[in-house]
1. Give the residues of the stretch B:144-160 that are part of a helix (DSSP H, G or I) and either facing chain A (nearest Cβ under 7 Å) or under 20 Å from the mean Cα position of the chain (by Cα) (or both), sorted by residue number.
2. B:A141 is checked against (1) under 26 Å from A:A82 (Cα atoms); (2) facing chain A (nearest Cβ under 10 Å); (3) open to solvent by 10 Å² or more (accessible area, probe 1.4 Å) and fails just one. What number does that condition carry?
3. Could you list, in sequence order, the residues of the stretch B:161-188 that are touching a Leu at 6+ places or on another chain (Cβ under 7 Å), within 9 Å of another protein chain (Cβ to nearest Cβ) and surrounded by 24 or more Cβ atoms within 10 Å (Cβ to Cβ)?
4. Is there a residue being open to solvent by 10 Å² or more (accessible area, probe 1.4 Å), on the phi < 0 side of the Ramachandran plot and not hydrophobic (A, V, I, L, M, F, W, C) anywhere in the stretch B:326-337?
5. Might you check whether a residue that is within 14 Å of chain A (Cβ to nearest Cβ), crowded, with 19+ Cβ neighbours inside 10 Å, touching a strand residue (DSSP E or B) at 6+ places or on another chain (Cβ under 7 Å) and not hydroxyl-bearing (S, T, Y) occurs anywhere in the stretch B:81-97?
6. Within the stretch A:9-46, track down each residue that is open to solvent by 30 Å² or more (accessible area, probe 1.4 Å) and of a type in the set (G, A, S).
7. Could you pull out the residue among B:V451, B:V436 that is assigned to a helix (DSSP H, G or I), farther than 21 Å from B:R528 by Cα and in contact with a helix residue (DSSP H, G or I) (Cβ under 7 Å, 6 or more places away or on another chain)?
8. Scan the stretch B:113-132 for residues that are β-branched (V, I, T) and more than 22 Å from B:L157 (Cβ to Cβ) and jot them down.
Amino acid sequence: MNATTLYGLCGSLLIGIGMYGLIVNPQPLRKILSFNLIGSGVFLLFGVVARRGAALGMGGDPVPQALVITGIVVAFSATALAVALLLRLQEASGSATLSSPESTNPPEA
Amino acid sequence: MSVLPTLVPEATTAGGFLLVLMLVLPLAGVFAALTLGGRNARRVAMLAIPAGFALAVVIGVELVQSGRTLVYLLGGWAPPLGIALRADGLSVVMLLTTTVVLLAVALFAREGFQTPENVREARTPFMFWTLLLSVWAALNAVFLAGDLFTLYVALELLTFAGVPLVSLEGKPETLQAALRYLLFALFGSVLYMLGAVLLYGAYGTLDIALLAERVRPEAVSFVAAALMTTGLLAKTALFPFHLWLPPAHAGAPAAASAVLSALVVKGSWFLVVRLWFDVMPGVVTLTAAQLLGALGTAAIVVGSVVALRQERLKLLVAYSTMAQIGYLFLMFPLAFDPAGSGPVHGAALTGGLLQVVSHATAKAGMFMAAGLIYAALGHDRIADLAGVARAMPVTVLAFALAGLALMGVVPSGAYLAKKLMLDAADGSGQWWWMIVLQGGAVFTAGYVVLVLVSVLRSSAEPAPLVKRVSRLSEIAALALSTSSLLLALAALGPVPGELVANPLAPKELGTLLAVVLGGALLALGLSRRSLFGVRAATEANGGSLRRSAVAVGKAFELADRLIRRWQVASISLLVMVALVGGILVSSFPR
């Protein structure tokens, strides 16, 4: 196993851990953090792609690096928006949870 | 014209700069609204949106005249190094629909979202107009972007602009709905991004036209197709990934719901179409398309039945959106060429596009009408809507016309779409989709009949109106519904005239009657409260029949609640990736 494969596996592992957290953790803040883990995993994977796709004699393909930077900005904005919503929710309702009993309908009258 | 050109090297075409203007205009509007602030936000939107409509028309004329895709290369750099903006027939139709719906929404919201006289700036109206422009900018980027990464960014912008629209009023339940929406959408976009990364790794480009040439049916493209399709479905809220849609769309103010339901979910749908038809038509298979169609069918049935079980009008309309999203995916299995080797641009795709346009206009009109009823009564309990038709006839007419348009009554866009897709189903021997296409209208009729019966019911005293609604808002809703109902006539240009039947022909009237009757039966059986008051229902139908129908309705409600749990929805997301991937791999080598 060479370094590039190990690097790629690390990225995949991060994605896996993040997905587990995103699905299983009920707290919104942990879901947000898990999303960031998945994002980091994807960006690492993109790094591997850049390394493997590099032309002869080059350290890496520069395009994925540019894309990763954009991706990080997008993920950062997403996190900021999610945290802002979470804070407002905490302010307005006193608790920060997603799992209210889905009260789309009151009990049948 | 509708197929992306594969000419290499690509160059900016005449009129390509119009595409840049189309992106710059709404963004300039956003910045102007932010910096000018206060009540100027509305003025900016009121100027920018009509200008955008004119611009979209110019782009359309340019496209038809030149007869080929408009291209603009940013900075003159050609892909794969540069970024291209492209507008084909699909993009232009979506651009036009977007501006038309936004125009109506802006007129509708003109009075409801004005800054009060005595303050310089009020948060809600200021944010509404700024976000409206942001949604528009993001949508234009989705329709014009020529590579998968720009599309990713555009899609994220669309989510970021759409989510705050949900929680505009800042109530705890809408904040919760917005957060759920955001988190699930992020899950979807991360899957999409992963797929895009894999494609770049395998083919060294993300440009749509270049990828279409390079992509081959092999393991990596199968996985990428599965990841990207599933991620986009999560954002489109196709069943069973609709956990976020009903609370978000029902909780938002009516003008915002109209935008979210009519336009925002269409953004990610459009991307699925791009992916399947333009990026990897040689990779996806008919079996995978059948899966999409099957999920669409499930969405129609579950969404419509649960809509019938709703107590509140806005939730009913939100569930109807979920059902209508299902329709948009029936097009995929029908669009495959006769050999079944890949989806092609043809009658089925035209039908799907028409369906999007007619749904966008009708559903926006319907949400607006529901919002007006809510505003006028101070509530939207379906059981207490008696007398509304007399009090606000224009609004009820708008709702009824939107309902007819969604059912696919003769001159409506949905009718023509259904006709095109029925022909495609007939031509490819996929009779089961003909049943779904014909039967779907009955389900739609169900909830439309339910609402109309409720509002037409006369009450002893006139409906107590707490507020007078603006006449302009009512007319905006009515205009959208009417345009959806008359869409087939407008589409007569490119479509052969014999496709539109005489609406008064016995055959068409008979179909309409059957659909409405079927819908009335569904509403009679499944509605939460019996349609004509308790006694009439028991006499007409027999108590046991109604009881068993109600039990079925309750079972659907329960199933819906289960599927909308976070864990269930997100695990089914992963299962979907595995399913689509598995289907694609199993057809290899073909």
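1. B:L144, B:F149, B:L151, B:Y152, B:V153, B:A154, B:L155, B:E156, B:L157, B:L158, B:T159, B:F160
2. Going through the list (1) under 26 Å from A:A82 (Cα atoms); (2) facing chain A (nearest Cβ under 10 Å); (3) open to solvent by 10 Å² or more (accessible area, probe 1.4 Å), B:A141 breaks only (2).
3. Correct list: B:V163, B:S167, B:L175, B:Q176, B:A178, B:L179, B:R180, B:L182, B:F187.
4. Scanning the stretch B:326-337 turns up at least one residue that is open to solvent by 10 Å² or more (accessible area, probe 1.4 Å), on the phi < 0 side of the Ramachandran plot and not hydrophobic (A, V, I, L, M, F, W, C).
5. Residues of the stretch B:81-97 that are within 14 Å of chain A (Cβ to nearest Cβ), as a first pass: B:81-83.
Now narrow it down to the ones that are crowded, with 19+ Cβ neighbours inside 10 Å: B:83.
Those left that are additionally touching a strand residue (DSSP E or B) at 6+ places or on another chain (Cβ under 7 Å): B:83.
Among the residues that remain, those that are also not hydroxyl-bearing (S, T, Y) are: B:83.
The answer is yes, given that some residue of the stretch B:81-97 is within 14 Å of chain A (Cβ to nearest Cβ), crowded, with 19+ Cβ neighbours inside 10 Å, touching a strand residue (DSSP E or B) at 6+ places or on another chain (Cβ under 7 Å) and not hydroxyl-bearing (S, T, Y).
6. A:S12, A:G16, A:S40
7. B:V436
8. Once the filter is applied, which keeps residues that are β-branched (V, I, T) and more than 22 Å from B:L157 (Cβ to Cβ), the stretch B:113-132 yields B:T115, B:V119.
The values are calculated or read from the model by the stated rules, or taken from the named source; none is laboratory data. Everything quoted here is computed from the prediction, not taken from an experiment. A quick note on method: Cβ atoms are made from the backbone with ideal geometry, for glycine too, and the neighbour counts reach across all protein chains shown. With ligands, DNA and RNA removed, areas are computed over all heavy atoms of the protein, side chains included. Shrake-Rupley method; radii C 1.70, N 1.55, O 1.52, S 1.80 Å.
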